[in-house]
Amino acid sequence: MGSRENGVTSSTSRGSGNGGAKVDKEVDFANYFCTYAFLYHQKEMLSDRVRMDAYFNSVFKNKHHFVGKTVLDVGTGSGILAIWSAQAGARKVYAVEATKMADHARELVKANNLQDVVEVIEGSIEDITLPEKVDVIISEWMGYFLLRESMFDSVIIARDRWLKPTGVMYPSHARMWLAPIRSGLSDHKMSDYEGCMDDWHGFVKETKTYYGVDMSVLTKPFSEEQKKYYLKNSLWNNLHPNQVVGTPAVLKEIDCLTVTVEDILKVEACVSSTITKEDTRLCGFGGWFDVHFNGRKENPAECGVELTTAPSIDDGTHWGQQVFLLHPPVRVNDQDEVRVNFSMTRSAENHRLMNVDLAYEIKLSSGVTLPPVANKFFIE
Ligand SMILES: C[S@@+](CC[C@H](N)C(=O)[O-])C[C@H]1O[C@@H](n2cnc3c(N)ncnc32)[C@H](O)[C@@H]1O
């Protein structure tokens, strides 16, 4: 889950954004669920090899959790996780999907001759009733930086209603990470953060050459506009691992079996990272997540699987990372310490979007501490 294009960017009429508040279902459907009804969007997730391999391996390398068992797939989309669960030997799979994608899922189940095992149910997980409790809940609920989209609330509700006391969650654990980062190569446009704030120059040259108008007078306002934008909004990016200039820190650890909605309304952490590169420019912080498929203590996975969205030399995942930029960048050195006060809450206008407060302070290895800086970002 998590797409730059999915409809969660529009605001909804939801009130306070806390887990107890009422969601205007119609508005939520129009703004959030609508894109999931399109196969093109499901395809984006189905094409994410890192995501697919992790879920596939978690199911097929842990068949003992599935053989002869009952499974609930929360938000089945195209039906892929439900189909794998059935192929791994489940006795019965309830595949619940809020959107009309349920029709395609039903078709796909039938085409794979699994209609006697997989029952596709169209409806919100919050509203449907199952005839029995289940042994496994499987779901792909993760948004950008793990919690954007707030779909995990629905999985928690499903768990509390429908998971047997001995049941297993797929995934079982999740973590959020933050690390100091530097700008990428200048030929990699998306991650040349310093360049992207000033890249009016090249444009001015071209406009003058081809269209005879000198736009250089707008260079400064453009740069100011860019800075304002990037200092207020996080940026989706696929970071290269060499852009990570300090030790990554865990902001939040979640046990999917026991966590409550209350526990995820706010993520607060004070963390510290040691710079690991000589003479580099700290441009901001990168945030990502991982989830694990470890079963539960009494019924562990035979083969634990990790799905990570950390910076990677390959294509990464469709989740990428969230980048929180600083301006101006700060020159840092090996062994300097960056202390971060991090807080993430849900937007009051749209509970599926996030506000981040990020304050940091740098203690140089010489012992000098630079003045603290505080920034606010919106994860849209
Ligand atoms: C990220 S997609 C995952 C789809 C599929 N499970 C997969 O892994 O490819 C999440 C799906 O959950 C559905 N969904 C989200 N919240 C839901 C809810 N409360 N009840 C039912 N379906 C929901 C969305 O419509 C979407 O199709």
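List the equivalent ellipsoid semi-axes of segment 264-380 in whole Å, largest first, each obtained as the square root of 5λ for an eigenvalue λ of the Cα gyration tensor.
29, 20, 15
Which value, in Å², gives the accessible area per residue of segment 25-140 when a 1.4 Å probe is used on the protein heavy atoms?
Counting only protein heavy atoms, the per-residue value for segment 25-140 is 43 Å².
Just to compare against my own numbers: the Cα pair-distance distribution for segment 36-190, 5 Å bins, whole % per bin, please.
So the P(r) values, bin by bin, are 2, 9, 18, 22, 21, 13, 6, 3, 4, 3, 1, 0.
Considering amide H positions built from the backbone, and no H for Pro or chain starts, which residues 5 or more places from residue 163, or on another chain, come under 5 Å of its amide H?
134
Relative to the compact globular guide of 2.2 N^0.38 Å, what is the alpha carbon radius of gyration of the chain, as a ratio?
Values: Rg = 22.6 Å, N = 380, 2.2 N^0.38 = 21.0 Å.
It is 1.07.
Normalised by the residues of segment 25-140, what does the relative contact order come to in percent, with Cα pairs under 8 Å and at least six apart? Write down the numbers at each step before the final one.
Values: 191 pairs, mean separation 31.7, N = 116.
For segment 25-140, the relative contact order is 27 percent.
Could you work out the local net charge near residue 104, counting Lys and Arg as +1, Asp and Glu as -1, over the other residues with Cβ closer than 13 Å to its Cβ? Kindly include the intermediate steps, with their values, before the conclusion.
Values: positive: 43, 100, 106, 110; negative: 97, 103, 107, 122.
Charge balance in the 13 Å sphere: 0.
Between 30, 86, 310, which gets the highest mean-square fluctuation from a Gaussian network model of the chain, Cα cutoff 10 Å?
30
Just to verify a number: what accessible area does residue 177 come out at with the full protein assembly present, 1.4 Å probe, Å² rounded to tens?
40 Å²
If I ignore ligands, DNA and RNA and count only protein heavy atoms, how much of residue 263 is accessible to a 1.4 Å probe, in Å² to the nearest 10?
So the heavy atoms of residue 263 present about 70 Å² to solvent.
How much of residue 81 can a 1.4 Å solvent probe reach, expressed as accessible area in Å² and rounded to 10?
10 Å²
Between their Cα atoms, which of 220/277; 61/297; 252/297; 110/133 are more than 26 Å away from each other?
The pairs that break the limit, which is 26 Å between Cα atoms, are 220/277.
If you roll a 1.4 angstrom probe over the protein chains with everything in place, what fraction of the accessible area of the chain belongs to carbon and sulfur, to the nearest %?
53 percent
Using mean Cβ contacts within 10 Å as the protection proxy, how do 104-113, 150-159, 221-230 order, highest first?
The peptides rank, most packed first, as 150-159, 104-113, 221-230.
From the backbone phi of segment 46-63, what are the Karplus-calculated ³J(HN,Hα) couplings (6.51 cos²θ - 1.76 cosθ + 1.60, θ = phi - 60°) in whole Hz, Gly and Pro given as x?
Running phi through 6.51 cos²θ - 1.76 cosθ + 1.60 with θ = phi - 60° gives 5, 8, 7, 4, 4, 4, 5, 4, 5, 5, 4, 5, 4, 7, 7, 8, 9, 4 Hz.
Under the 0.36 nm per residue contour assumption, what length would be gained going from the current alpha-carbon distance of residue 126 and residue 223 to full extension?
Numbers: separation 97, 0.36 × 97 = 34.92 nm, distance 4.63 nm.
Additional length available on full extension: 30.3 nm.
With a sphere of radius 12 Å drawn around the Cβ of residue 52, what net charge do the other residues whose Cβ falls strictly inside it have (Lys, Arg +1; Asp, Glu -1)?
Numbers: positive: 43, 49, 51; negative: 44, 48, 53, 140.
Charge balance in the 12 Å sphere: -1.
Work through the residues other than residue 337 whose Cβ is under 10 Å from its Cβ and net out their charges, Lys, Arg +1 and Asp, Glu -1.
0
Send over a whole-number figure in Å² for the accessible area per residue of segment 254-329, probe 1.4 Å.
Values: 3290 Å² over 76 residues.
With all protein chains present, segment 254-329 gives 43 Å² per residue.
The values are calculated or read from the model by the stated rules, or taken from the named source; none is laboratory data. Just so it is clear, the model here is predicted, and its values are computed rather than measured. So basically every Cβ, Gly included, is an ideal-geometry build from the backbone, and we count neighbours across all protein chains shown. Heads up: the accessible areas ignore ligands, DNA and RNA and are worked out on the full protein's heavy atoms, side chains in. Shrake-Rupley method; radii C 1.70, N 1.55, O 1.52, S 1.80 Å.
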